[in-house]
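The values are calculated or read from the model by the stated rules, or taken from the named source; none is laboratory data. Given the structure is predicted, the values throughout are model-derived calculations rather than measurements. No Cβ is skipped: glycine too gets one built from the backbone with ideal geometry, and neighbour counts run over all protein chains shown. Keep in mind that these areas ignore ligands, DNA and RNA; they rest on the heavy atoms of the full protein, side chains included. Shrake-Rupley method; radii C 1.70, N 1.55, O 1.52, S 1.80 Å.
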Amino acid sequence: MRRTLLALLMALGVAGTTVPASPAHADPVGTLACPSIPANRDPAVTLVVYRVARAYSANDKVTLSAFEAGWVESHMNNLPCGDKSSLGVFQQRWDYGWGTPEQIMDPVYASTQYVTRAIVCDRDNPGYSAGQVAQCVQRSGFPDRYDQAAPTARAQLNEAARTHAIAGGSHTDVTGDGRDDIVTFTQNALADVYVGTSTGGSYTGTSAKWNDFFSLGGETASTGDVNGDGRDDVVTFAHSNTGDVYVALSTGTSFGAGLKWHDWFAPGAEIGAVGDVNGDGRDDIVAFTHNPAGDVYVALSTGTGFGAGLKWHEFFSPFGEFPALGDVNGDGRDDLITFTQGPATASDVIVALSNGSSFGAAQKWHDLFAVGAELPRVGDVNGDGRDDIVTFTCDPNADVYVATSTGTGFAGTTVKWHDFFCLAGEFPYLGDANGDGTDDLIVFTKGATNDVHVALSTGTGFLGTTRWHDFFGLNGETTL
């Protein structure tokens, strides 16, 4: 069933709040005054602000200014009230040309109004701090408050960036030769997609462009074989208020034109993922609302489009957890996995198995894995047909731990499979790089080097790290 705009507003954090259908234009003062401002941010709002900033290729200063302004004005909440006629995340005033009250109460619209104006302020005043950019847009009577909020704003920006980048794993064999390749989405104004194909011992192609306009900034780019031809295609979730999902099919040497396969799926701050949840050989799309409701929706692939979005689970992976898909019991259907990512006392791994038409009850499969800020991934690293879980510390220790699936749980709490792979700022992934049936470690170094390193799996550990590409996946790009 297609969800309504009301559902989107609930996902964006308006749920539980009384929002006037038609604010009192004649007398906005008092009737819309906020009795108080929530003490904490609404994570859905912070993610929308971040995605809008990426959609406009905003630089770090402009993006930080948006988080400073949002925190100062509303503690990053979509307030249906404010001083005089002020409303929403940025307390914009409908009677000062920011839009109608209904528009301002839409966090996507409000963020767009802020970010586009901030980009101009920054361009015209390159020496401004983030707080001064915020003041340039907001014209507050208390201009110093924005820079003072920088530490809180930075922490929330980093949290939103991490949530946006959630990618538990996806197959990337775009040529159909049995070896996973590497893909990067520039996600800027050009929106190019580049591929490095695997030879089994390296990745070829420095500038092999496979599509020249796919997946804009702020969208979630992924891969999967959505038409069942044995080649992985590219998929992008537009989010925002459109909820569109586009697909570009692989020909084996390029990706075709981007085509809309769904017109309302994973809108706003929801998390999109790709996997074959019904076991028909075609990858489907899954949306985690990632809010207190914790709903999970699925739209099955027909081979030429995605069907209606249907709820397959009513409470799984709320905000703060790291959702993923993988066939953990080896029955050919991808299941739900979530890493709670708390401290050592609360770093559980929960699984809900697919029966082909829904996901079953959530079950704890591990009680200590992927602690805190570690980066978890899902893949079959021992080649037994069941997906395992892998976590990267991505810190100076650069350790990699694995817990293999038994079909009913994940075994191993502190089983280290590699002792130096993925430093801070790098992006790790899994893929069968050499086509031997076991998933290997892949890391995109980003930064100044932009190298791609691989550590092949032996089935019981990972071999030493070797460089498979020396220039792929720049800063700001999405790499898989």
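Based on the Cα atoms of region 43-162, what semi-axes does the equivalent ellipsoid have, where each is the square root of 5 times one gyration tensor eigenvalue, given in whole Å with the largest first?
Values: eigenvalues 72, 50, 38 Å².
For region 43-162, the semi-axes come out at 19, 16, 14 Å.
Applying a length cut-off of 24 Å (Cα extent along the axis) and a mean Kyte-Doolittle floor of -1.0 to the DSSP H helices of the chain leaves 107-124. Placing unit charges on the Cβ atoms only, positive for Lys and Arg and negative for Asp and Glu, gives the chain a dipole magnitude near 1420 debye about its Cα centre.
Tell me, what is a quarter of the convex hull surface for the C-alpha atoms of region 32-75, in nm² with one decimal?
Working: hull surface 14.1 nm².
Its Cα hull, projected and averaged over all orientations, spans 3.5 nm².
Label positions at residue 448 and residue 199, each projected 7 Å from the Cα along the C-beta direction, are separated by 2.8 nm.
Based on the reciprocal of the average 1/r between different C-alpha atoms, the Kirkwood radius for the chain equals 22.9 Å. Extension gain, residue 253 to residue 408, is 51.9 nm, computed as 0.36 nm per intervening residue step minus the present C-alpha separation. Computed from the C-beta positions of residue 148 and residue 120 and an R0 of 22 Å, the FRET efficiency is 0.40 to the nearest 0.05.
Would you mind counting up the charge near residue 315? Only other residues with Cβ under 12 Å from its Cβ, with Lys and Arg at +1 and Asp and Glu at -1. So the environment of residue 315 carries a net charge of -2. What separates the Cα centres of region 423-480 and region 128-154 is a distance of 39 Å. Per residue of the chain, what 222 nm ellipticity follows from adding -39500 (n - 2.57) for every DSSP H run with n ≥ 4, rounded to the nearest 500? Rounded to the nearest 500, it is -5500 deg cm²/dmol. Directionally averaged projected area (region 269-407, Cα convex hull): 8.6 nm².
Hey, any idea what % of the chain's accessible area is carbon plus sulfur with a 1.4 Å probe?
Values: 9750 of 18120 Å².
Within the chain, the accessible surface is 54 percent carbon and sulfur.
When +1 charges are put on Lys and Arg Cβ atoms and -1 charges on Asp and Glu Cβ atoms, the dipole computed for region 341-480 relative to its Cα centre reaches about 200 debye. Dipole of the chain computed with +1 at Lys/Arg Cβ and -1 at Asp/Glu Cβ about the Cα centre; of 175, 460, 131, farthest Cα towards the positive end is 131.
Taking R0 as 22 Å, what FRET efficiency do you get between residue 415 and residue 466 from their Cβ-Cβ distance, rounded to the nearest 0.05? Walk me through the intermediate numbers first.
Details: r = 23 Å, r/R0 = 1.03.
About 0.45, to the nearest 0.05.
In this rough spin-label picture, where each label sits 7 Å from Cα along the Cβ direction, the residue 308-residue 458 distance is 5.3 nm. Taken about its Cα centre, region 34-182 carries a charge dipole of roughly 340 debye when the Cβ of each Lys and Arg holds +1 and the Cβ of each Asp and Glu holds -1. Taking other residues whose beta carbon is less than 15 angstrom from the beta carbon of residue 88, and scoring Lys, Arg as +1 and Asp, Glu as -1, yields -2.
Please report the net charge: other residues with Cβ closer than 9 Å to the Cβ of residue 218, K and R +1, D and E -1.
Computed value for this residue: +1.
Taken along the Cα-to-beta-carbon direction at a fixed 7 Å, the label points for residue 189 and residue 361 span 5.6 nm. The residues of region 261-326 expose, per residue, 29 Å² of accessible area to a 1.4 Å probe. Distances between placed amide hydrogens fall under 5 Å for residue 279 paired with 334, all partners being 5 or more residues away or on another chain.
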